[in-house]
Amino acid sequence: MAVFDLDASHDSWYRADTLNFDYTASGGWPVRVTSSTGTNLTDSDGNGWVDIAGVIPGEPPVPVPMQVRVDVPVDAAAGDRDTVWLVIASTNYPFDYPETNSQYPDGYYAGVLDTTVLIAHTAPIPGILLRPDQQDSVAAGNTVRYAMEVFNNGNGPDTPSIQIQNTTQPGWGHDLIDGNGVDPLQDSNGDGIPDVGHLDKPPEVNLDSFYLDVSPPHVAGVGDVDTTVLTATSAHDPAVYDSVMIVTYVLSSMVVDIHIWQSQTKVIGADETASYDLYITNNGDETDIIDCGQFAIDDLGWTGELTDVAGHPFTDHDNNGHVDVGGVGVMDTIMIHLEVTPPTEVGSIVSDFDTELTDQRYVWIQTGYAVDTEVRDSVLITTILEPEFHIHNYPNPFRDATTFTYNIPRAGIVTLQVYNRSGEHIKTLVHEQYLTYGGTFEAEWNGLTKNGKRPAPGVYIYVLDWCERKEGDTFARSKRIVKKALLQP
């Protein structure tokens with residue numbers, strides 16, 4: 001609740017007055033006009049306005065303390081506000097004084113009145129929850145990964161910072177990893193401390209995940225224990241934080257070593273799918289049920305599907321929450337398959353074209369030995385779509401100006417020219433421009449000739465030439481497209 005302490009006074013020397021009050025509120029929050037003790041004012045003279053009766057005149061005026069109370073809704077977010085316009089009106093001096101037939105509250109019919117503006121806003125109340133407390137075991141020289149979640153329970157957006165506050169084994173490795181499972185946790189707000197990025201207030205997306213990797217050295221002994229304290233702290237108030245305890249035991253010195261290979265790049269054409277064969281090897285000293293997965297570095301709408309060599313999707317054989325390739329014996333190698341497909345009409349120039357023609361994604365594996373380590377490996381798969389050599393202009397027909405949108409499959413030199421039907425050169429829009437990559441490009445024509453004149457209405461021919469450039473200054477191939485555009489009167 002927002003409480004505004006105010007004083008009302010009667011500045012006339014004539015006689016006691018009844019001061020009437022009315023208000024409007026911009027946000028619709030509940031508003032009450034009360035005495036200085038919080039008791040609601042009533043309508044003592046029956047005119048529809050709450051009032052303070054019997055206010056005596058004086059010089060200087062005798063202030064009468066009062067309050068305006070604004071109830072802030074429980075779901076109000078930090079920074080939300082409500083503006084209250086409070087009106088005080090005299091009963092002694094109504095609008096049509098000395099006649100007395102005006103009636104409140106049908107408008108502000110008062111000869112003597114005053115107003116004030118009150119603004120109530122919601123202060124930020126941060127709230128942070130970090131979970132869960134965990135414990136696990138790991139072999140010396142390996143790494144165990146803990147999945148963590150942080151929640152914003154405050155009434156506004158927050159960027160919780162993540163810190164390792166204490167460890168009992170300072171010689172061990174302790175690393176904060178982004179929720180993508182690959183990159184170190186970054187400092188997105190520039191305060192020098194890693195964080196999970198922007199979190200909205202509930203009920204919006206108010207949680208994020210990250211990982212803590214704990215790595216005992218090879219010299220750690222069986223039975224050694226590390227206790228690590230993690231904290232998540234509000235960016236608004238360092239006194240608002242939550243913490244968890246992570247306990248890690250050294251269980252054994254079992255060798256867990258897995259490998260996936262190899263990183264690849266493929267180029268596909270429109271409406272094609274890229275197929276990749278990948279290999280997984282278990283170099284450890286025990287059979288391992290190896291988890292697998294894949295994710296795009298940037299979500300551009302491309303899809304990827306991992307299967308075995310027979311085309312069957314993988315399932316979660318060991319019920320640890322990750323699909324896996326099944327058991328891989330000691331020093332055995334198996335092959336898996338990845339299909340990468342671009343979205344429909346990617347690189348198209350006939351609709352809302354998408355110029356993102358390269359998809360990069362990681363295919364990762366990790367050991368299934370939860371009691372031992374989170375040994376991981378990954379490869380980078382890059383798929384490049386070469387668009388079809390094509391051009392069109394819009395609008396077509398046109399009156400004043402038009403835009404040419406064109407695709408080239410690969411790097412090369414581009415020239416775009418306009419001719420009339422007699423073959424006379426009208427305008428060069430792109431002159432032997434070297435483009436370092438294939439993709440979708442645009443060129444504008446203002447409808448004027450090379451001499452800056454407006455040509456006659458009619459059909460005009462535009463010609464797109466592309467000459468692919470190879471190493472050095474040699475050119476392997478060239479292509480040309482000739483199309484028509486109609487200039488209207």
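Could you check segment 1-17 and list, in sequence order, the residues that are of a type in the set (A, V, I, L, M), surrounded by 13 or more Cβ atoms within 10 Å (Cβ to Cβ) and within 30 Å of Asp82 (Cβ to Cβ)? Full working, then the answer.
In the first step, residues of segment 1-17 are kept if they are of a type in the set (A, V, I, L, M); the result is 1-3, 6, 8, 16.
If we keep only those that are surrounded by 13 or more Cβ atoms within 10 Å (Cβ to Cβ) too, we end up with 2, 6, 8, 16.
Selection gives Ala2, Leu6, Ala8.
Just checking: which of the strands (runs of 3 or more DSSP E) contained wholly in segment 206-289 hold 3 or more residues that are over 26 Å from Gly329 (Cβ atoms)? If you could, list the steps in order and put the result at the bottom.
Details: elements: 207-215, 225-233, 241-250, 258-261, 264-269, 274-282.
The strands (runs of 3 or more DSSP E) meeting that bar are 207-215, 225-233, 241-250, 264-269.
Of all residues in segment 137-164 being over 28 Å from the mean Cα position of the chain (by Cα) and in a strand (DSSP E or B), which is nearest to Pro194 (Cα to Cα)? Don't jump to the end; show me each part of the working.
Step one: of segment 137-164, the residues over 28 Å from the mean Cα position of the chain (by Cα) are 137-144.
Retained after the next criterion (residues that are in a strand (DSSP E or B)): 137-138, 144.
Working: Ser137: 26, Val138: 25, Val144: 20 Å.
It comes out as Val144.
Given the criterion crowded, with 20+ Cβ neighbours inside 10 Å, in contact (Cβ under 8 Å) with a residue 24 or more places away in the chain and under 17 Å from Ile164 (Cβ atoms), identify the matching residue among Val225, Val250, Val214.
Numbers: Val225 fails: crowded, with 20+ Cβ neighbours inside 10 Å; Val250 fails: under 17 Å from Ile164 (Cβ atoms).
One residue alone meets the criteria, Val214.
Search segment 18-37 for residues being buried (at least 16 other Cβ atoms within 10 Å of the Cβ) and polar (S, T, N, Q), and hand back the single one that is nearest to the chain's Cα centre (by Cα).
Going through the qualifying residues, I end up with Asn20.
So Tyr460 passes all but one of these: (1) within 19 Å of Asn396 (Cα to Cα); (2) loosely packed, with under 12 Cβ neighbours inside 10 Å; (3) of a type outside the set (Lys, Arg). Which condition number does it fail?
(2)
Need the failing condition index for Val196 against (1) exposed (fewer than 15 other Cβ atoms within 10 Å of the Cβ); (2) closer than 30 Å to Ala76 by Cβ, just the number.
(1)
Could you list, in sequence order, the residues of segment 211-234 that are out of contact with any Asp or Glu (no Cβ under 6 Å at 6 or more places or on another chain) and under 17 Å from Val150 (Cβ atoms)? Walk me through it before giving the result.
Taking segment 211-234 as the starting set, the residues that turn out to be out of contact with any Asp or Glu (no Cβ under 6 Å at 6 or more places or on another chain) are 211-212, 214-231, 233.
Answer for segment 211-234, where residues must be out of contact with any Asp or Glu (no Cβ under 6 Å at 6 or more places or on another chain) and under 17 Å from Val150 (Cβ atoms): Tyr211, Leu212, Thr228, Val229, Leu230, Thr231, Thr233.
Restricting to segment 268-284, name every residue that is crowded, with 16+ Cβ neighbours inside 10 Å and in contact (Cβ under 8 Å) with a residue 60 or more places away in the chain.
Of everything in segment 268-284, those that are crowded, with 16+ Cβ neighbours inside 10 Å and in contact (Cβ under 8 Å) with a residue 60 or more places away in the chain turn out to be Ile268, Ala270, Ala274, Tyr276, Leu278, Ile280, Gly284.
Take segment 423-464 and flag every residue that is of a type in the set (Gly, Ala, Ser) and at pLDDT 90 or above. Let's see the steps before the verdict.
Step one: list which residues in segment 423-464 are of a type in the set (Gly, Ala, Ser), which gives 423, 438-439, 443, 447, 452, 456, 458.
Answer for segment 423-464, where residues must be of a type in the set (Gly, Ala, Ser) and at pLDDT 90 or above: Gly423, Ala443, Gly447, Gly452, Ala456, Gly458.
Given Ile289, Ile297, which one is farther than 30 Å from Gly439 by Cβ and in contact (Cβ under 8 Å) with a residue 12 or more places away in the chain?
On the way: Ile297 fails: farther than 30 Å from Gly439 by Cβ.
The unique qualifying residue is Ile289.
The values are calculated or read from the model by the stated rules, or taken from the named source; none is laboratory data. Quick caveat, the model's predicted, so the values are computed rather than measured. Here Cβ is always computed from backbone atoms with ideal geometry, including for glycine, and neighbour counts include all displayed protein chains.
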